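The next block holds one structure in the form of structure tokens; read it before the comments.
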Amino acid sequence: MSHDGFLKNVEKLQRFGEAMSHQLTAWTEPGKQRNRVDQFWREVAEASSEIATALLTPETWRMSTEDIDRRVQHLLAGKNLSTFGTDAFGYSPLHVRKLVPVLEFLYRVYFRAEVHGMERVPEGRCLLIANHSGQLPFDGAMIGSALLLERNPPIMVRTMVEKFATALPFFGELCYRCGQVTGLPDNCRRLLDADEAVLVFPEGARGISKPFKDRYHMTAFGHGFLRLALQTHAPIVPIAVVGAEEQTINIYDFKWLAHMLGTPSLAITPLMPLLGPLAMLPAPVKYRIYFGEPMHFEGDANDDEAVMATRVAEVKGAIQRLMNQGLAERKGIFI
Amino acid sequence: MARRRTQAVITGISGRLGQLLARRLHRMEGLRVIGIDRRAFSRKPADIEHLRIDIRRKACEDLFRTQNIDVIFHLGLMHDPRKGAGEHHSWNLVGTQQILEFAQRYRVPKVVILSTGDVYGPQSDNPAFISEDAPLLGAQRFAALRDLISVDMFAQSYFWKYPEIETVVLRPAHILGGVKNAVSNYLRLSHLPVLMGFDPMVQVLHEEDAVSAIVAAARPGLRGVFNVVGPDALPLRKLVALTAKPTVELPHFLLPGVVNRMFQLRFADFPAAEIDYIRYSATLDGKRARDIMRFEPTFGVRESVEAALRTNIFDGGVEGVEAA
């Protein structure tokens, strides 16, 4: 090795060492560390008091029975329901009605959801495209709750659910009765043709099971939704969910055990030794849901993947911008 | 000169659907009905001819050689989990092959084959509307359906092998009525088993509607595969509730082993693979039959369930169990 080359390497090593020591001082600096811990506890305290106040004063957030009935009546009116009260997918508005109190609690109390730009969701067919995170699909439930509980008139969101999940006992049945369907292109096309609002998470299982360190870094998007949008001429509404990415801390994906159990992933969380499977439940983070301007695409639905990729990137970019906006606007994870 | 009478052959005429079809055709003007079935045809109208032979026998060919047959209704498929795979294969596949051979050799212009909607199979990832060109995955977990799927595909091969024959393949949803098929038998149980946490969508078809579809399929010019569905799909538990019978909630992971043992010991009439029918949906898209065949069901779910529960179950012959 030449003398110059050797010196260059020494310089590199030096720079690396400096960077490392800088990082270390930043982390171990007593004031900064304490600030972080303080900030965390301040947020938790504030969130707890918010939740406690809400629980003590249900009249401030609970919808009146008449309001719920009016909303359910609206759901019942528009749809093609059989004499047995379900549509071909098994969706039953009366079943949804029974769940409204639970959704309300999660939406208004537990996650204290904040919605921005909901008026951008058009009437009639549309594809709602959102980032997916949080190990358990509460993000989907909260987007659905927002449009069901807050919007006038309400919209019943039909989510494309991973087929592994719809095959589960109880959960699958719950999904179907609440209007969620197995994530197949054919189902999606039929729903869009029937002028429904369909929610798709193009990241799928990849997105929801990603490790905590990758929060707010979206994984690769599938292209199927864009082809369906082109086929059915449905506008695409980009949605960013801020907050859900921190609800469960996945530090390790137990791949081989997941494979044995037949699940797409198995997250290990820090509190698992203490709480067992309960550690999968989400922390009471604050949800912020940002709806973007509808995007209209025209073109050949059977075009090359490369053509689709550029358009999918546009949608992903729109979601990223909404997400950045949400991250910049929030004061903390829990408040 | 008087117009020659249309001559129709019905295989499996002694089965419930065969009998209903025979009576329906019998009521039509200028139609001669000839049935083939080795089982007895009880309460047979006098002028319906019945050949008590096996369709696999050579003697069967004489009928086609000597008579000018205009249409064959092939209902003589068997699906009896108690019978061996060999007998199933021979009866269903060789029988169908034979019938289609005759049709081709003696220039029968129309063949209607009653396949079954079960060829698609219940699966967790089935679309809510299974169309006719969906893959036939029914035997994936239920091996006894293999020969019925083979028959269906074999019949389809006649579309391009012999385009001069108008071949129609019907895939009906669960037929309810006096038939002895799995669904009707299920509803006749004293306690109806359901799976905890599962409530699939089910489609039923009244037996008279099934017969109407078979008759509609005979219309000249019609060919192809058609799903035949009755009224709107409904959750299994709603269907079960219509019977007003008690249900038994069973865990799905425990059941296959128990049911298989009971089936072997003859305490149960269902092999474990049929449990999937009360676990996952397999709902068909009936649009093609509605649009092209102009088939509209006339019986509702309630009437269909009542038809299945009526006590005078068809007292059939040897092969009492029908495929569809």
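Values in this text are rule-based calculations from the coordinates and carry no lab data. What you see is a predicted model; the values in this text were computed from it and never measured. Backbone-built Cβ (ideal geometry, glycine too); neighbour counts: all protein chains shown.
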Problem set entry | Sites excluded, GluC sites (Glu not before Pro) in DSSP loops with at most 13 other C-beta within 10 Å, longest stretch of chain B | B:165-324
For this session: Run the numbers on chain B and let me know its relative contact order in percent, using alpha-carbon pairs under 8 Å that are six or more apart.
Result: 22
Exercise. In terms of modelled amide H atoms, which long-range or inter-chain residues lie less than 5 Å from the amide H of B:Val225?
Worked result: B:Val169
Exercise. So what is the 222 nm mean residue ellipticity for chain B from helices alone, if each DSSP H run of at least 4 adds -39500 (n - 2.57) and you divide by all residues, rounding to the nearest 500 deg cm²/dmol?
Worked result: -8500 deg cm²/dmol
Problem set entry | Highest-MSF residue in chain A out of A:Gln135, A:Gln320, A:Gln14 [GNM, Cα springs under 10 Å] | A:Gln14
For this session: Would you mind working out the magnitude of the charge dipole of the range B:21-79 relative to its Cα centre, with +1 at each Lys and Arg C-beta and -1 at each Asp and Glu C-beta, to the nearest 20 Debye?
Result: 280
Exercise. Angle, helix A:30-56 long axis vs. longest principal axis of chain A, Cα atoms, 0 to 90°, nearest 10?
Worked result: 20
Exercise. Quick one: length gained pulling A:Gln231 to A:Ala194 fully straight, 0.36 nm per residue minus the C-alpha distance?
Worked result: 12.0 nm
Problem set entry | the range B:1-68: trypsin sites (Lys or Arg not before Pro) in DSSP loop, at most 10 other beta carbons within 10 Å | B:Arg3, B:Arg4, B:Arg43, B:Lys58
Exercise. Ranking A:Ile143, B:Ile278 by Cβ neighbours within 10 Å, fewest first, what do you get?
Worked result: B:Ile278, A:Ile143
Problem set entry | the range B:233-299: trypsin sites (Lys or Arg not before Pro) in DSSP loop, at most 14 other beta carbons within 10 Å | B:Arg266, B:Arg294
For this session: Let me have the 222 nm mean residue ellipticity of chain A computed from DSSP H runs of 4+ only, each contributing -39500 (n - 2.57), with the sum over all residues rounded to the nearest 500.
Result: -14500 deg cm²/dmol
Exercise. Which of these, A:Ala52, A:Ala113, A:Ala130, has the largest mean-square fluctuation under a Gaussian network model of chain A (Cα springs below 10 Å)?
Worked result: A:Ala52
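Is the shape of the range B:33-80 best called rounded, prolate or oblate, per the rule: a/c under 1.5 gives rounded, else a/b larger than b/c gives prolate, else oblate, with a ≥ b ≥ c the square roots of the Cα gyration tensor eigenvalues? Spell out each step's value before the answer.
On the way: a/c = 1.57, a/b = 1.11, b/c = 1.41.
Oblate, since a/c reaches 1.5 and b/c is not below a/b.
Would you calculate the volume per residue, in Å³, of the smallest convex hull containing every Cα atom of the range B:142-187?
Numbers: hull volume 4.3 nm³, N = 46.
In the range B:142-187, the Cα convex hull volume per residue is 93 Å³.
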Exercise. By counting other Cβ atoms within 10 Å of each Cβ, how are B:Thr243, A:Thr60, B:Thr116 ranked from fewest to most?
Worked result: A:Thr60, B:Thr243, B:Thr116
Exercise. Debye sum, Cα scatterers, the protein assembly as shown, no solvent: what log₁₀ I/I(0) at q = 0.06, 0.07 1/Å?
Worked result: -0.45, -0.58
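Going by how many other Cβ atoms sit within 10 Å of their own, how do A:Val115, B:Val215, A:Val285 line up, fewest first? Walk me through the numbers on the way to the answer.
Working: A:Val115 20, B:Val215 17, A:Val285 24.
Least to most surrounded, the residues fall as B:Val215, A:Val115, A:Val285.
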Exercise. If we count GluC sites (Glu not before Pro) as exposed when they sit in a DSSP loop and have at most 16 other beta carbons within 10 Å, what is the longest stretch of chain A that avoids them all?
Worked result: A:124-297
Exercise. Which residue fluctuates the most in chain A, going by a Gaussian network model with Cα springs under 10 Å, if the choices are A:Gly262, A:Gly90, A:Gly317?
Worked result: A:Gly262
Problem set entry | Gain on full stretching of the segment that runs from A:Glu66 to A:Asp38 - 0.36 nm per residue minus C-alpha separation | 5.7 nm
For this session: Give the Kirkwood hydrodynamic radius (Å, one decimal) of chain A, defined as one over the mean of 1/r across all pairs of different Cα atoms.
Result: 22.0
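What does the C-alpha gyration tensor say about the overall shape of the range A:235-335? Classify as rounded when a/c is under 1.5, otherwise prolate if a/b is larger than b/c, or oblate. Could you put the intermediate results ahead of the total?
Working: a/c = 3.56, a/b = 1.47, b/c = 2.42.
Since a/c reaches 1.5 but b/c is at least a/b, the shape of the range A:235-335 is classed as oblate.
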Exercise. Helix A:3-28 versus the longest principal axis of chain A: what angle, 0 to 90°, nearest 10, using Cα atoms?
Worked result: 60
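Compute the relative contact order of the range A:219-325 as a whole-number percentage, counting only Cα pairs closer than 8 Å that sit 6 or more residues apart in sequence.
Working: 135 pairs, mean separation 44.7, N = 107.
Relative contact order, the range A:219-325: 42 percent.
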For this session: Restrict the search to the range A:168-275; then list the chymotrypsin sites (Phe, Trp or Tyr not before Pro) that DSSP places in a loop and that have at most 12 other Cβ atoms within 10 Å of their Cβ.
Result: A:Phe170
Exercise. Just how far, in whole angstrom, is the range A:135-174 from the range A:270-288 if you go by their alpha carbon centroids?
Worked result: 20
Exercise. Longest span of chain B, sites excluded, free of chymotrypsin sites (Phe, Trp or Tyr not before Pro) in DSSP loop with at most 15 other C-beta atoms within 10 Å?
Worked result: B:107-252
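Quick one: in the range A:76-132, what % of C-alpha pairs are over 20 Å apart? Walk me through the numbers before you get to the answer.
Values: 831 of 1596 pairs.
Of all Cα-Cα pairs in the range A:76-132, 52 percent lie more than 20 Å apart.
Going by the alpha-carbon gyration tensor, a ≥ b ≥ c the square roots of its eigenvalues, is the range A:201-263 rounded (a/c under 1.5) or, if a/c is not under 1.5, prolate (a/b greater than b/c) versus oblate?
oblate
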